[in-house]
Structure formats: structure tokens, C-alpha cells
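Reviewing the structure listed below.
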Amino acid sequence: MNGELSASLHEPLYAALWSFGSGWIVLTVVLMSSRRTREGVRAVVRAVRGGRIPLWQSLGGLLGGTYVLVQSYAVPLAGVALFTVAVVGGQTGNAIVVDRLGLGPSGRTAVTGLRVLAATLATVGVAIAVFGRVQATSGPVVAAAAATGAAVVVPVALALLVGGLHAVQSAINGRVNVISGTPWATTWLNFTNGVALLLLVAGIRGLAGGLGPVHAADPPGWVWFGGLAGVVFVGVVAVVVRHLGVLHTMLVLLCGQLLGAVALDLLNPATRHTVTVVVVSGLVLTAVAAALPSLVSGTSRTGRR
């Protein structure tokens, strides 16, 4: 949704502002109408003031806003395929570290060969699926061209970084959700922080003359609901990460995202040809990776906090 809206508006920052802003408006309506949500936000504020959690752990939305900003910079330079693979590599790689440090609410999880294998398989599976789709759409020359050249070094490095930050965001959101007692409060805090960051960047760019007028190229109606999808995504992750841990949550999400993308391509006659054996192979490999952490059955837990 956000990608299609960004292309229609010809400015990724506008699309990001709409996504975060529309989601924030919906969440603010919930906040104003729900006493439990307001109490959840107050509980987080009290926890920060009382030293139960450090302030930075309540600012997960800044990491989400940073992801959007890096995406707007990196995708035009490195391409969607390479950016996606780099982000996944950062997510799964750092998720192992985040679980080992116990940043999430599920406690510490030892680094095992099986967990490293799962992270590696997931990255390889996503790479196969993404580049398989690019090849089916544009041919091998375009797919290869996106992955060559010194110009992609910086955007790919930034993609790895924000992928790793996403793992941190998921962990601290899970901690905040334990304190707030409701994903609505946790998600509202995230979107508030993200909107604040994006407005700051938009203001700086506007003063510098770097933002032009909005030009909407008649996008389809469904692209305007990216903010609502983001609300669901952040809320679900904040709840699930407490039970699965960061790595397992990342792997399940990746599998679900690939499965959803393949399903949408199959439903659309214009993109049905992109669902090739290569793409399905990547999906299967990612699904295997998502199942691997379940095999440890919690035996590698070294403590809970």
C-alpha cells in the first residue's frame, strides 16, 4: 500500500506522513474513547518516571519512522529487491542478538546453531523469492543490475541497519505492551513518535526547499489504508513477541508477508505469471526457517525478566 501510494504521490515522505498520520488519527480516536487505552499510556509514563524502564524503550516509533526515511532514500538507489533482502538480513541477524541480550519481554535466549540456521535460511529464502519475482517481471538483466555497482553500498548498509533496528523496535514494544496492558496504548505511542519524527524531517526539508507540491496520480482507493494496516501490524507484533521471542516473531512475519504477496499475485491476472517455481521455492524455504525455532521448545532459555 505505502509503496503504491509513494509512487502515485511521487514523494515517499508524503506517503509516509499519510500512513503514520492516518494511523495516528485512528489511534487517537481510540485513545479518547477508551479509558483502558488512556490508562495504558499513563502506566507507561509512570514506568518511565519511576525508572522501571528507560525512556528510550518507550520511543520505538522513532525507529519505525527511521525505517521509512531510509526506505525513501535507499530504494531509488538500490532497488526494492536488494533493499528488501538487506532489511531481512538485518532483522534476522540482529534478532538473534536482541534475544540473547533479553531486550524483549520473553527474556534471554541462547544463541544456538539452529537459530543461526533459521535466520540464514530466512534471508536466503526471501532473496530467492524476491529476485525470482524481479526476474519474472523484468528479466535477469534488470535483476542483476540492481545488485551491482559501488553506488548501492551506502543504501544497502543503511537497509541492514534499519532492519536491525526493527528487531530492537519489536523487542522494546513488547516490553512497553507488558506495562501498558493493551496494544492500543503501545501502538499509539509508536505512531505518535513516528509522526513527530516525520513532521520534523518534513519541516526541515520544506524550509530547505526540498519538498514540492503534492501530485496524486489517481491512485487506487485501497492504497490509502496503509496506516490502518500499520496499526494492526505494530499491535500484533507487540503482543506476539512476548510469547515467541524476537527472532521467531520476525521469521513468522516474513513467512506471512511472502505468503500474502504470493496470494495477491495469484489473485491478480496481471501478476499471476510472476509466481514461478523459484518464488514458491523461496517461500517454502522461509516457511521452514519460521518452523525451526519451535524445535528448541524453550530449552535454550537462560532466564526471563
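The values are calculated or read from the model by the stated rules, or taken from the named source; none is laboratory data. Treat the numbers as computed from the prediction; the structure is a model and nothing was measured. Methodologically, a virtual Cβ is constructed for each residue, glycine included, from the backbone with ideal geometry; neighbour enumeration extends over all protein chains shown. Please note that ligands, DNA and RNA were not included when accessible areas were found on the heavy atoms of the full protein model with its side chains. Shrake-Rupley method; radii C 1.70, N 1.55, O 1.52, S 1.80 Å.
For this structure, a couple of remarks:
Condition check ((1) free of Cβ contacts under 8 Å to residues at least 24 places away in the same chain; (2) surrounded by fewer than 18 Cβ atoms within 10 Å (Cβ to Cβ); (3) more than 28 Å from ASP218 (Cβ to Cβ)) across all residues:
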{"site": "TRP18", "(1), (2), (3)": "no, no, no"}
{"site": "MET32", "(1), (2), (3)": "yes, yes, yes"}
{"site": "ARG36", "(1), (2), (3)": "no, yes, yes"}
{"site": "SER58", "(1), (2), (3)": "no, no, yes"}
{"site": "ALA74", "(1), (2), (3)": "no, no, no"}
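- Set side by side, the residues VAL70, VAL98 differ, and just one is within 18 Å of LEU254 (Cα to Cα) and touching a helix residue (DSSP H, G or I) at 6+ places or on another chain (Cβ under 7 Å), which is VAL98.
- Candidates LEU62, LEU55, filtered to the one that is touching a Leu at 6+ places or on another chain (Cβ under 6 Å), closer than 18 Å to LEU197 by Cα, at pLDDT 90 or above and not polar (S, T, N, Q): LEU62
- Qualifying positions in segment 205-223 - open to solvent by 30 Å² or more (accessible area, probe 1.4 Å) and either basic (Lys, Arg) or under 18 Å from the mean Cα position of the chain (by Cα) (or both): ARG205
- Just one of the listed residues (LEU264, LEU285, LEU295, LEU247) is closer than 15 Å to LEU117 by Cβ, at pLDDT below 85 and not in a loop (DSSP other than H, G, I, E, B), namely LEU295.
- Close pairs from segment 96-114: first at positive phi, partner small (Gly, Ala, Ser) and open to solvent by less than 40 Å² (accessible area, probe 1.4 Å), Cβ under 9 Å, at least 6 apart: GLY102/ALA171; GLY102/GLY303; GLY107/GLY245; GLY107/GLY303
- Every pair of residues 6+ apart whose Cβ atoms lie under 7 Å, when the first sits in segment 169-197 and is on the phi < 0 side of the Ramachandran plot while the second is among the β-branched types (Val, Ile, Thr) and open to solvent by 40 Å² or more (accessible area, probe 1.4 Å): ASN177/VAL239; PRO183/VAL239
- Enumeration of residues in segment 261-286 that are open to solvent by less than 30 Å² (accessible area, probe 1.4 Å) and small (Gly, Ala, Ser): GLY282
- Test: residue in segment 133-156 that is modelled with pLDDT of 90 or more, outside any loop (DSSP other than H, G, I, E, B) and within 19 Å of the chain's Cα centre (by Cα): no
- Among the residues of segment 9-47, just one is assigned to a loop (DSSP other than H, G, I, E, B) and over 30 Å from VAL80 (Cα atoms), namely SER34.
- On the stretch given as segment 194-204, residues that are open to solvent by less than 30 Å² (accessible area, probe 1.4 Å) and either of a type in the set (Phe, Trp, Tyr) or within 20 Å of the chain's Cα centre (by Cα) (or both) total 3.
- Qualifying position, being of a type outside the set (D, E, K, R), assigned to a loop (DSSP other than H, G, I, E, B) and farther than 20 Å from MET250 by Cα, among LEU198, LEU211: LEU211
- Scoring ASN94 on the criteria (1) at pLDDT below 90; (2) crowded, with 22+ Cβ neighbours inside 10 Å; (3) among the polar types (S, T, N, Q) leaves a single failure, condition (1).
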